[in-house]
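First comes the structure, then the notes that go with it.
Each reported figure results from applying straightforward, stated rules to the coordinates on display, with no laboratory input. In this text, all values refer to a predicted model and were calculated from it rather than measured experimentally. Counting neighbours? That spans all protein chains shown, and the Cβs are built from the backbone with ideal geometry, glycine included.
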Amino acid sequence: MPGLFSRTPKEADATYDASGIIPVHVGIIMDGNGRWARARGMPRAAGHRAGTKNIRRVLIEAVEIGIKALTVYAFSTENWARPKDEVNHLMRLISQGIQDELDELDARGVRILHSGRLAGVSPSLQEEIRGAVARTKDNDVITLNVAFNYGGRAEIVDAIKAIMRAGVSPEDVTEELVSQHLYASDLPDPDLIIRTGGEFRLSNFLIWQAAYAEFYSTPTYWPDFDEAELRKAVAVFQHRDRRFGKIKDAER
Ligand code: IPE
Ligand code: IPE
Ligand code: MG
């Protein structure tokens with residue numbers, strides 16, 4: 001009997017094919033840091049530290065695989081509702097992460113983007129985020145889009161505001177126009193969305209862009225999600241049949 005996480009035998013056995021189709025844009029809901037730490041008798045903060053460190057390992061493997069853009073969900077508009085200590089710790093980790101990793105990210109040709117609202121974030125962190133984006137804007141090995149203070153609904157509201165401010169008339173509002181007003185409008189829609197930590201929900205992540213993304217959930221907690229896990233997710237993606245509402249040519 002295939003288990004919950006290997007829905008079909010075909011997916012359970014999927015092996016990664018380096019010459020197969022590679023997702024251009026992958027989104028990752030990096031969930032399970034708290035449970036990872038608790039399972040080790042450590043405070044949640046230790047899980048967030050381990051989780052932040054793990055981005056580097058997965059990013060390097062993504063480059064190896066040939067993925068061109070990675071959007072990582074780091075902090076949601078709903079995460080402000082967590083205890084103040086945890087929120088402050090997450091803010092410090094982002095800031096620390098930029099300070100510690102920016103030189104190497106830049107040297108590796110990583111273009112950093114930020115998706116989310118800067119309003120509400122401390123002025124010094126705003127400055128660090130703007131600086132990282134500006135410094136790496138011409139890099140082209142891979143795009144690391146950090147969804148931070150990000151909500152999919154907030155993003156759509158912000159797009160509507162921008163469109164209305166531009167005085168666009170209702171007849172001219174199209175799906176393309178909405179897409180063009182999203183935070184990272186030059187990225188293609190994600191092909192694959194990975195969620196670690198075992199849940200089967202988007203939690204307000206890329207809700208517009210995910211319309212036809214393939215969804216992959218693994219019980220592995222984010223700090224343990226390694227190179228082999230990323231390859232496995234891509235392998236499963238390679239075995240999916242993306243129809244985009246059409247039917248297969250063979251069935252016409
Ligand atoms: C994901 O891990 C990181 C953030 C949401 C910032 P969690 O902190 O949600 O970990 P769990 O889900 O409680 O284990
Ligand atoms: C989603 O995880 C947000 C991030 C990974 C940053 P959550 O832990 O906040 O999601 P829920 O609350 O389980 O839906
Ligand atoms: Mg969680």
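Taking 0.36 nm per residue of sequence separation and removing the Cα-Cα distance, the Tyr212/Ala166 pair yields an extension gain of 13.7 nm. Report summary: the helix-based calculation at 222 nm, which adds -39500 (n - 2.57) for every DSSP H run with n ≥ 4 and divides by the residues of the chain, gives -12500 deg cm²/dmol.
Indicate the gyration tensor shape class of the stretch 126-227 (rounded, prolate or oblate), computed on the Cα atoms with a ≥ b ≥ c the square roots of the eigenvalues: a/c under 1.5 is rounded; otherwise a/b larger than b/c is prolate and the rest oblate. Oblate, since a/c reaches 1.5 and b/c is not below a/b. Of the peptides 185-193, 20-28, the order by per-residue mean of other Cβ atoms within 10 Å, starting with the highest, comes out as 20-28, 185-193. Packing, taken as the mean count of other beta carbons within 10 Å per residue, orders the peptides 112-120, 74-82, 43-51 from highest to lowest as 43-51, 112-120, 74-82. For the stretch 203-214, backbone phi angles converted through the Karplus equation (6.51, -1.76, 1.60; θ = phi - 60°) give residue-by-residue couplings of 6, 6, 9, 6, 5, 6, 6, 7, 3, 10, 6, 7 Hz, Gly and Pro being listed as x.
Put a dot 7 Å past the Cα of Ile60, heading toward its Cβ, do the same for Ala250, and the two dots end up 4.1 nm apart. For the chain, averaging the sequence separation of C-alpha pairs within contact (under 8 Å, six or more residues apart) and dividing by the residue count gives a relative contact order of 31 percent.
Here the label points at Ala134 and Ala12, each 7 Å from Cα along the C-beta direction, are separated by 5.4 nm in the simple model. Backbone geometry of the stretch 241-247 corresponds, through the Karplus equation with coefficients 6.51, -1.76 and 1.60 at θ = phi - 60°, to 3J(HN,Hα) couplings of 10, 8, 10, 6, x, 8, 10 Hz, x marking Gly and Pro.
The local environment of Tyr212, defined by Cβ-Cβ distances under 10 Å, has a net charge of -1 under the rule Lys, Arg +1 and Asp, Glu -1.
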